[in-house]
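A.B. asks: My structure is below; once you've seen it, I'll send some questions.
Every number in this text was worked out from the coordinates using simple rules, so none of it is lab data. Keep in mind the model is a prediction, meaning the values are calculated, not measured. Note: ideal-geometry Cβ built from the backbone for every residue, glycine included; neighbour counts use all protein chains shown.
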Amino acid sequence: MSTNHDIEHEDLALVDPKLLPPQIRIFIQTVGLPDTIIFLKEKGGTVFRFPFEAKGTKLERIVGRDSAYKLCQVFGGKTIDLPKADKILMQIRNIAINNERSHPDLDKRLSLSQAALKFNLTTRQIKNISHNNNENTTGDLFD
């Protein structure tokens, strides 16, 4: 994952839709993961009324003509409480943390403290996310 927390194409391939809420899975099946993220980053956490027609709508401006058309076909006329994109973004972040904490090159592997600073989390959160939960808890004391 890039350090400025933009989503890279390879990050999207790591997302497991089975671990996401059902409503997000439906959006992914309808328009794909990239447009689902774009839409939920823009409108997630709000109530959204899907238009019957996509042309010239805010929905079309957000996700483009093809995806807006598909969403209108599935949800047209419905008002839905949209989930936030957090579950997707958290999964991508957690994969990135695990990759950086278990990097095969020891010189590039991040300590708990380094990962906490890089991802703006606490060392406890990094430890909970990391696959390496069995490391010495005092190893990062002076990192």
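A.B. asks: Quick check on my filter: what residues within region 29-76 are in a helix (DSSP H, G or I) and under 13 Å from Lys87 (Cα atoms)? Don't jump to the end; show me each part of the working.
C.D. replies: First, the residues of region 29-76 that are in a helix (DSSP H, G or I): 29-31, 33-43, 58-63, 65-75.
Selection gives Leu33, Thr36, Ile37, Leu40, Lys41.
A.B. asks: Another question, then. Could you check region 104-123 and list, in sequence order, the residues that are over 21 Å from the mean Cα position of the chain (by Cα) and loosely packed, with under 12 Cβ neighbours inside 10 Å?
C.D. replies: Within region 104-123, Pro104, Asp105, Leu106, Asp107, Lys108 meet the criteria.
A.B. asks: Do the conditions hold for Ile97, that is, is it under 26 Å from Lys127 (Cβ atoms) and buried (at least 17 other Cβ atoms within 10 Å of the Cβ)?
C.D. replies: Values: under 26 Å from Lys127 (Cβ atoms): yes; buried (at least 17 other Cβ atoms within 10 Å of the Cβ): yes.
Spelling it out, Ile97 is indeed under 26 Å from Lys127 (Cβ atoms) and buried (at least 17 other Cβ atoms within 10 Å of the Cβ).
A.B. asks: Okay, next question. Could you tell me whether region 57-78 includes any residue that is under 15 Å from the mean Cα position of the chain (by Cα), exposed (fewer than 14 other Cβ atoms within 10 Å of the Cβ) and closer than 23 Å to Leu12 by Cβ?
C.D. replies: Here is the first cut: in region 57-78, the ones under 15 Å from the mean Cα position of the chain (by Cα) are none.
Checked against the condition, which is being under 15 Å from the mean Cα position of the chain (by Cα), exposed (fewer than 14 other Cβ atoms within 10 Å of the Cβ) and closer than 23 Å to Leu12 by Cβ, region 57-78 yields no hits at all.
A quick yes/no check of all residues on (1) in contact (Cβ under 8 Å) with a residue 60 or more places away in the chain; (2) closer than 21 Å to Gln29 by Cβ; (3) in contact with a Cys (Cβ under 9 Å, 6 or more places away or on another chain); (4) hydroxyl-bearing (Ser, Thr, Tyr):
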site	(1), (2), (3), (4)
Leu82	no, yes, no, no
Ser102	no, no, no, yes
Leu106	no, no, no, no
Ser111	no, no, no, yes
